[in-house]
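Q: Dropping a structure here in structure tokens format, bear with me for questions.
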Amino acid sequence: MTTSAAADDRHFKSLLAAVRGLVACDAAVLLRLHDDALMPVAVDGLTDEAMGRRFPVAAHPRLAQLLGSSQSLRFAADCGLPDPYDGLVAGQRELLAVHDCMGAPLRHAGKRWGLVTLDALNAHAFDAVGPPHMQAVVALLEAGIEASEALHAAHARAAHEQALARERRAGVAAPRELLGKSAAMQQLKREIDTVAASDLTVLILGETGVGKELVAQRLHLRSARAEQALVQINCAALPEGLADSELFGHKKGAFTSAVQDRVGKFELADGGTLFLDEVGELSLPVQAKLLRVLQSGELQRPGSDKQLRVDVRVLAATNRDLRGEVAAGRFRADLYHRLSVYPLQVPPLRERGRDVLTLAGGFLEENQHRLGARNLRLTPEANAALLAHGWPGNVRELEHLLSRAALRALSEQGRAGRWIGIEPRHLALQAVGTSAEPAGLADGLIGAPGGLRAATEAFQRRWVEAAIARHEGSLARAAEEAGMDRSNFHRLARRMGLISR
């Protein structure tokens, strides 16, 4: 989190605390309107997962009514419209419904800025709250919003909005945000914002599924190149014989299947950013050609004598230990040093504490709209189960797990209720990545020669071998169980000598 973002966070929280001093309630939320959806910028009295939710206005009729109103509104206790905060009030031993709900639209510079919502479990909590009370709340918040907006860096905000607008015009969905306020994530966001404005090459390191692609997107959107293209290529998916063509293009006739000229990813990214995902999977010959482009800024299409100059900022990502790969002779030392000018380590989910609940809220909000479900909610027991889990598959594992849990809960409870409660049994955490074989995989590894790294590699090899056996040789199903991309899993198994091709 940047210094400005942290200041905003404290500022909005203090405003909500003041609001609760004016109006007694169980929860108060400040939401900002952004691209036809309302985003919580401060929450007081709701569970952690609420901060990870994004509320499309069209999908939440109460919020839509408030946003379209010229004054505050209070909803009757028997109102049939779904309440977006049912089951999200903090400190409850079970999921409870909101029975008194009111809110007001907020404006800044003559435009709709967002909403404030007040909720209570007692159906008569707001009986004594009249228009003067809410006028005071709105005046307080709008003054606070005015102060916050005045302190923002206009250039950075405009660049970010323009980049998102460009992607919307191109029909591309807005990228997900890096959610979470753990110390590890705040440090990562500070590092990203430190290096983003430069043209330094960044090496993004982290386990599979931690969100390295989101880091690359944030780096690009906060750079001076945000108006230009962000071009991404998955190096693990490059066929050995076509890697040159994908990266550098080719001239017609350069090889048998080259029936026309092709523009490579470096040329497509000229003036912008090129993101080399899974860069550790490149072969040594391609590594040498990549190094030459990074050193000189010039490339030569296969089949052409012409040198082309490109202006590209390179971001690279890998889940491999590239220093170890260099020591083993599988990765060029000079390319490693060229790529790792500014390394960024993305923390695994197990080191991010309660961020797991914020992320869960975001994934559940996506699922409830995708499934046409009403208010997918985690029970307190499910929250505890998520916090206790070790997350070997990181954020990707959490996303897929919640998609499965949402389907199970919806199938069991249907759409008739006020919400759909997700219980630990729907999460099925004990079943993820387990079977009869893995329980004994670690036998004999403790105290084995070679230290932690050797033991980790041995465990990984046994796990992969057992997974392939469990799925009767199907690499696709084994890769799905491992939470890995199929091509990455195939390369891993081949490197371990478990398959021949």
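Q: If you check every pair at least six apart or on different chains, which have Cβ atoms under 6 Å apart with a residue in the stretch 29-46 that is modelled with pLDDT under 90 first and a residue that is β-branched (Val, Ile, Thr) and surrounded by fewer than 20 Cβ atoms within 10 Å (Cβ to Cβ) second?
A: Asp36/Val57
Q: Something else now. Looking at (1) of a type in the set (Val, Ile, Thr); (2) at pLDDT below 90; (3) crowded, with 22+ Cβ neighbours inside 10 Å, can you tell me which one Val116 breaks?
A: (2)
Q: Any idea which residue in the stretch 47-56 is modelled with the lowest pLDDT, counting only those that are open to solvent by less than 30 Å² (accessible area, probe 1.4 Å) and of a type in the set (A, V, I, L, M, F, W, C)?
A: Ala50
Q: I need a count of the residues in the stretch 66-101 that are touching a strand residue (DSSP E or B) at 6+ places or on another chain (Cβ under 6 Å), in a helix (DSSP H, G or I) and surrounded by fewer than 18 Cβ atoms within 10 Å (Cβ to Cβ).
A: Counting residues in the stretch 66-101 that are touching a strand residue (DSSP E or B) at 6+ places or on another chain (Cβ under 6 Å), in a helix (DSSP H, G or I) and surrounded by fewer than 18 Cβ atoms within 10 Å (Cβ to Cβ) gives 0.
Q: Okay, moving on. State yes or no: is Val356 aliphatic (A, V, I, L, M) and crowded, with 20+ Cβ neighbours inside 10 Å?
A: On the way: aliphatic (A, V, I, L, M): yes; crowded, with 20+ Cβ neighbours inside 10 Å: yes.
The answer is yes for Val356.
Q: Quick one: would you say Leu203 is assigned to a strand (DSSP E or B) and either touching a residue at least 40 places away in the same chain (Cβ under 8 Å) or not basic (Lys, Arg) (or both)?
A: On the way: assigned to a strand (DSSP E or B): yes; either touching a residue at least 40 places away in the same chain (Cβ under 8 Å) or not basic (Lys, Arg) (or both): yes.
Considered against the rule, which asks whether it is assigned to a strand (DSSP E or B) and either touching a residue at least 40 places away in the same chain (Cβ under 8 Å) or not basic (Lys, Arg) (or both), Leu203 comes out as yes.
Q: Of the residues that make up the stretch 365-375, is at least one in contact (Cβ under 8 Å) with a residue 40 or more places away in the chain and touching a His at 6+ places or on another chain (Cβ under 9 Å)?
A: no
Q: Another one. Give me the pairs: first residue in the stretch 384-395 and within 16 Å of Ala479 (Cα to Cα), second residue surrounded by 13 or more Cβ atoms within 10 Å (Cβ to Cβ) and modelled with pLDDT of 90 or more, beta-carbon distance under 7 Å, and six or more apart or on different chains, which are they?
A: Gly393/Gly209; Asn394/Glu207; Asn394/Thr208; Asn394/Gly209; Asn394/Val210; Asn394/Pro348; Asn394/Leu349
Q: When the stretch 261-277 is examined, which residues are found to be within 10 Å of Ile233 (Cβ to Cβ) and touching a strand residue (DSSP E or B) at 6+ places or on another chain (Cβ under 6 Å)?
A: Quick first cut of the stretch 261-277, residues within 10 Å of Ile233 (Cβ to Cβ) only: 264-266, 268-269, 274-277.
Within the stretch 261-277, Lys265, Phe266, Leu268, Ala269, Leu274, Phe275, Leu276, Asp277 qualify.
Q: Turning to a different aspect of this structure: Look at Gln65 and say whether it is at pLDDT below 90 and farther than 20 Å from Gln186 by Cβ. First the steps, then the outcome.
A: Details: at pLDDT below 90: no; farther than 20 Å from Gln186 by Cβ: yes.
Answer is no for this residue.
Q: Still on this structure, I have one more. Does the stretch 363-376 hold any residues that are crowded, with 22+ Cβ neighbours inside 10 Å and not polar (S, T, N, Q), and which are they?
A: Phe363, Leu364, Glu365, Leu376, listed by residue number.
Q: Let me ask another. Kindly indicate whether any position in the stretch 29-38 is farther than 23 Å from Phe12 by Cα, assigned to a loop (DSSP other than H, G, I, E, B) and open to solvent by 40 Å² or more (accessible area, probe 1.4 Å).
A: Of the stretch 29-38, the ones farther than 23 Å from Phe12 by Cα are none.
No; the residues of the stretch 29-38 include none that is farther than 23 Å from Phe12 by Cα, assigned to a loop (DSSP other than H, G, I, E, B) and open to solvent by 40 Å² or more (accessible area, probe 1.4 Å).
Q: With the condition being under 30 Å from the mean Cα position of the chain (by Cα) and modelled with pLDDT of 90 or more, I'd like the helices (runs of 4 or more DSSP H) fully within the stretch 388-501 carrying at least 1 qualifying residues. Walk me through how you get there before you give the answer.
A: Values: elements: 394-413, 424-427, 451-470, 475-482, 486-495.
Where helices (runs of 4 or more DSSP H) fall fully within the stretch 388-501 and carry at least 1 residues being under 30 Å from the mean Cα position of the chain (by Cα) and modelled with pLDDT of 90 or more, they are 394-413, 424-427.
Q: Here's something else I'd like to know. Consider His337 against the criteria (1) open to solvent by 80 Å² or more (accessible area, probe 1.4 Å); (2) in contact (Cβ under 8 Å) with a residue 12 or more places away in the chain: it satisfies all of them except one. Which criterion is unmet?
A: Condition (2) is where His337 drops out.
The values are calculated or read from the model by the stated rules, or taken from the named source; none is laboratory data. Please read these numbers as outputs of a predicted model, since none were measured by experiment. Reconstructed Cβ throughout: ideal geometry from the backbone, glycine too, with neighbour counts over all protein chains shown. To get the accessible areas, we keep the full protein, side chains included, count just its heavy atoms, and leave off ligands, DNA and RNA. Shrake-Rupley method; radii C 1.70, N 1.55, O 1.52, S 1.80 Å.
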